[in-house]
1. What number of residues in the stretch A:447-456 are buried (at least 19 other Cβ atoms within 10 Å of the Cβ) and either at negative phi or over 15 Å from the mean Cα position of the chain (by Cα) (or both)?
2. Only one residue in A:F23, A:F28 is modelled with pLDDT of 95 or more, within 27 Å of the chain's Cα centre (by Cα), surrounded by 23 or more Cβ atoms within 10 Å (Cβ to Cβ) and outside any loop (DSSP other than H, G, I, E, B), so which one is that?
3. Failed condition for B:K48, given (1) touching a Phe, Trp or Tyr at 6+ places or on another chain (Cβ under 8 Å); (2) part of a helix (DSSP H, G or I); (3) farther than 30 Å from A:T121 by Cβ, with all others met?
4. Does A:V50 fit the bill of being of a type in the set (V, I, T), under 30 Å from A:L361 (Cβ atoms) and crowded, with 18+ Cβ neighbours inside 10 Å?
5. When only residues in the stretch C:271-288 that are charged (D, E, K, R) and in a helix (DSSP H, G or I) count, which is surrounded by the most Cβ atoms within 10 Å (Cβ to Cβ)?
6. Report whether or not C:A75 is in a helix (DSSP H, G or I) and either among the small types (G, A, S) or under 21 Å from C:L288 (Cα atoms) (or both).
7. Which condition number in (1) more than 14 Å from every other protein chain (Cβ to nearest Cβ); (2) outside any helix (DSSP H, G or I); (3) more than 22 Å from A:S10 (Cα to Cα) is the one that A:D144 fails?
Amino acid sequence: MWEYAPAPESRDIANLKPTYRMFVDGQFVEGAGEPLKTVNPGTEEVLAEVSTAAPADVDKAVKAARRAYDRVWGKMPGSERAKYIFRIARLIQERGRELAVLESLDNGKPIKESRDVDVPTAAAHFFYHAGWADKLGYAGYGPDPKPLGVAGQVIPWNFPLLMAAWKIAPALACGNTVVLKPAETTPLTALVLAEIIQQADLPPGVVNILPGAGDVGAAVTSHPDVDKVAFTGSTEVGKLIQRQLAGTGRKLTLELGGKAANIVFDDAPLDQAVEGIVNGIFFNQGHVCCAGSRLLVQESVAEELLEKLRVRVSTLRVGDPLDKNTDVGAINSREQLTKIQQLVETGDAEGAERWTSACPLPDKGFYFAPTVFSNVSQAMRIAREEIFGPVLSVLTFRTPDEAVAKANNTPYGLSAGIWTEKGSRILWAAQKMRAGVVWANTFNRFDPTAPFGGYQESGFGREGGRTGLEAYLDV
Amino acid sequence: MSENRISVAKTYKLYIGGAFPRSESGRSYPVVDAKGAFLANAAQGSRKDARDAVAAARKAFPGWSGATAYNRGQVLYRVAEVLEGRREQFAAEVASSEGVAVKKAQSLVDAAIDRWVWYAGWTDKVATVLGGTNPVAGPYFSFSMPEPTGVVAVLAPQQSSLLGLISVVAPVIATGNTAVVVSSQDRPLPAVTLSEVLATSDLPGGVVNVLTGRTAEIAPWLASHGDVNALDLTGAPEAMRADLERSAAGTVKRVLRTRPSEDFTREPDLARLRAFLETKTVWHPMGV
Amino acid sequence: MAAPSTSPSLPPALADAVRDDASLRRFLHGLPGVDQVGVEQRAAGLGTRSIKKAGKMWAIDTAIGMVDLTTLEGADTHGKVRSLAAKARRPDPEHPDVPQVAAVCVYPDMVETAVRELDGTGIDIASVATAFPSGRSSLKVKLEDTAYAVDAGATEIDMVIDRGAFLSGRYGQVFDEIVQVKHACRDAHLKVILETGELATYDNVRRASWLGLLAGGDFIKTSTGKVSPAATLPVTHVMLQAVRDWHTQTGELRGVKPAGGIRTTKDAIKYLVAVHEVAGPEWLTADLFRFGASTLLNDLLMQRRTQLEGHYSGPDYVTVD
């Protein structure tokens, strides 16, 4: 047997500091909230203490953002804004490995993903939107579309830096200023991004970053001087925010949960479909709102596909997020791990057939072995609820119409996957999908040029592409 | 070093396929400043240099047009970074070539760098803005997308030696074309320095090829060349324009006939990007 | 079409596939497609595995033991083959613990020399045959070519398929040729060279892989080394998937040999990772995986020294043969 020796990325690269502070009006300052301790989910060790914002801090940050908007950023020519944003993109690239290691430490995702996906895509997002800053007249919203003002943004813990980039880059490109709250369990890379923003010499107050828990988020989204709210997270909280903003006239975009169907037809390129299924549900430990968590496979190839899938899943290496050979890292928090375990138990109880990879798991840290449920029916909770973990539910279908009907049979509508070698079937199925992103013969692809967002309870508004600019323009 | 140190003078050469050859003809011509004082000898590009430049541009085309738009954007932005580092050198060359004050020259250089950045940002947006889906009446999915036309011969403006040059070169390559550029005849030095910038950025050799020399001598060969897809007449001598267009008709080249008096200090529109793009429409049935 | 002689116990579906020309065609065209983007991403993804320390040392020694040390030049001489054989026996004279290579691979007229030089070493003698590298000759000549090499003592035959016949859809003809060459091999192992660089698509690579396996090839091999591109990681992925699927369906283990273009230890380790994770750990043996290479061996030896000595080595510290 060939054992790969451990190949851990050096943790020193992260330049981890014992304490982190919030970033307001161009300065790192102590927040008045109760400091939080952020934990490495791979080891359960405390990484750092992070100061959090109190309601008064939120007010201070919004005021700073307002000032920066009124005095500098809102009236700066787009071509000058562009150069600031290009600087941020470059600084992210330059400090890429540091950010990747820090992200893996704080979030638990494997270093190969933070290094090859999160960080480069974050840089690409700034790069792309930098280019828009002086081209907004070509975006299809009229010759000279105006910004909204101050954007209040709240992001989740599954892609901490990348979600910050998705939020901040278009806001800045369109001429808005920002108050952003990173997730409680993953504040660190957003605060390094704040450092980068400082290094890029952005005018004070253009970007403000306030760590904290849900209450800080609520204070940001409900602040009366915030002109636009953008939220990525659970559907439950999204509904609260939508209610909160009702009647205020403030612009809102929501990117919420999902229960995506990954449909495999019998003429699919099976080996690549297996890869796509694995990528769809085990990428980022399944902590992906658009994860392909429901596999719908045509009965005539179901057995063959499942066999291949189990063999492939068995090769996934679960463990130390910093090991370059780790495929599946740590679950982000004990709370999330418990939630996954509970939902998996309902799968057992409701009669689905559970298969779990025999891979070894580390003794410490929050880990969950890749799991595949077969014989799942639409009525089971594991087929309807977002598990947000490395758990796949497999259902079968007989005809394309049945596949489409089952795929759409959910209140969500974020993404879908289609696997077939037949082009016309891809386009037919894509047209039928009630989902904001449809991947055909691939899965979990993200690009700043491609709008991303959901139908129905997966939220509204899009991020990325020309369409994504709308969320930050007064149009 | 003492004040009377003798400086090292630069040899100004052509830029073809990523290398800096002298003209195969062995010729050069004196370049003088706005007051007539000698500045340098520039290579006097020939018919055969043009031929070599077209071959280099063609060779570079599959790679450059096949690169992702994001990658092209990164490369072009890198060019802007390197341009910024040569700001003073460009300002001096523009000042002497165009006979403007250093301050004015600096503002022209700044505008040129910003112009380059503007076009760098277009690489991954032009398809979104100019392409789209076609809601055809039938069970088909149809979309149209812009694609680069190929090798573009660019006769750079004669007056605006850097800002004008960059304003005509950047849009050609931003969309994935490759270029053979004939620089301003009497003000070629910024073009040679730009070549040096391109050579030390991440731009693949052959994507931009720069010829210095007599525009009237080289242009007809490019206009009639069978492996050139498009022609930008911006810097063409007035008397030759119609002839060059007629010549270009031999292989149905796309011809951009802009005014020779174009004001390059004004913010551009998409005209120069559109000029060298084809539109490709794709149809595919939709059905189970 | 001749009946396959080597897999008497094919499961019904596969036995049916080789019943006649039409069945074979139906079977090959019924294989699942290979998505180019997907397979290339997977190959690139596995290529980022970081193999270090003991795992790397194991990989280097394993790779050395999988090398088919090859010389296939018009300028080959007996002297050249003798020195190649010496290298095969003792790859690094200063480190006698370095494993021997798996085989040397030569043209048929050099087999006799190789046999003499490697007598008693356990190193296999592979010979290319069947009008290598183009395969453009009559079946009669190809069979005689094979017999000539086998008679001279070759223990392994690396044959080329008729790519022209394959690309024009005459699968039965390609199948028959492989079957007959296999027969002419007698006890020698048969490696079937697909020349994937000429097959152009991964779908074709998958079909040709199955064709080679159905016809009784002990190994399927990517390339002659005379056509560019030679071996690539994604092509090898597709072939590894084929032998794995073959094993699932028949219980038999067949081998894969990428050849040409693998020059560095880093590359070789990427291939081993693919073997490990695409086919499975049981394929990590010279019986089931080989590297067709000439310059790779020296890089493996240099890296081996680097591992042992703790500093980088240079080309002057390994022998040039």
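1. Step one: of the stretch A:447-456, the residues buried (at least 19 other Cβ atoms within 10 Å of the Cβ) are A:448, A:451-455.
Right, trim to either at negative phi or over 15 Å from the mean Cα position of the chain (by Cα) (or both) and you get A:448, A:451-452, A:454-455.
Selection size over the stretch A:447-456: 5.
2. Details: A:F28 fails: surrounded by 23 or more Cβ atoms within 10 Å (Cβ to Cβ).
Matching residue, one of A:F23, A:F28: A:F23.
3. B:K48 satisfies every listed condition except (1).
4. yes
5. C:E277
6. No; evaluated as a whole, the condition is false for this residue.
7. All conditions are met except number (1).
For (1) among the aliphatic types (A, V, I, L, M); (2) touching a residue at least 24 places away in the same chain (Cβ under 8 Å); (3) surrounded by fewer than 24 Cβ atoms within 10 Å (Cβ to Cβ), each residue gets a yes or a no:
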residue	(1), (2), (3)
A:K63	no, yes, yes
A:P77	no, yes, yes
A:L91	yes, yes, yes
A:G142	no, yes, yes
A:V154	yes, yes, no
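The values are calculated or read from the model by the stated rules, or taken from the named source; none is laboratory data. Just so it is clear, the structure is predicted and the values come from calculations on it, not from any experiment. All Cβ positions, even for glycine, are placed from backbone atoms using ideal geometry, and neighbour counts span all protein chains on display.
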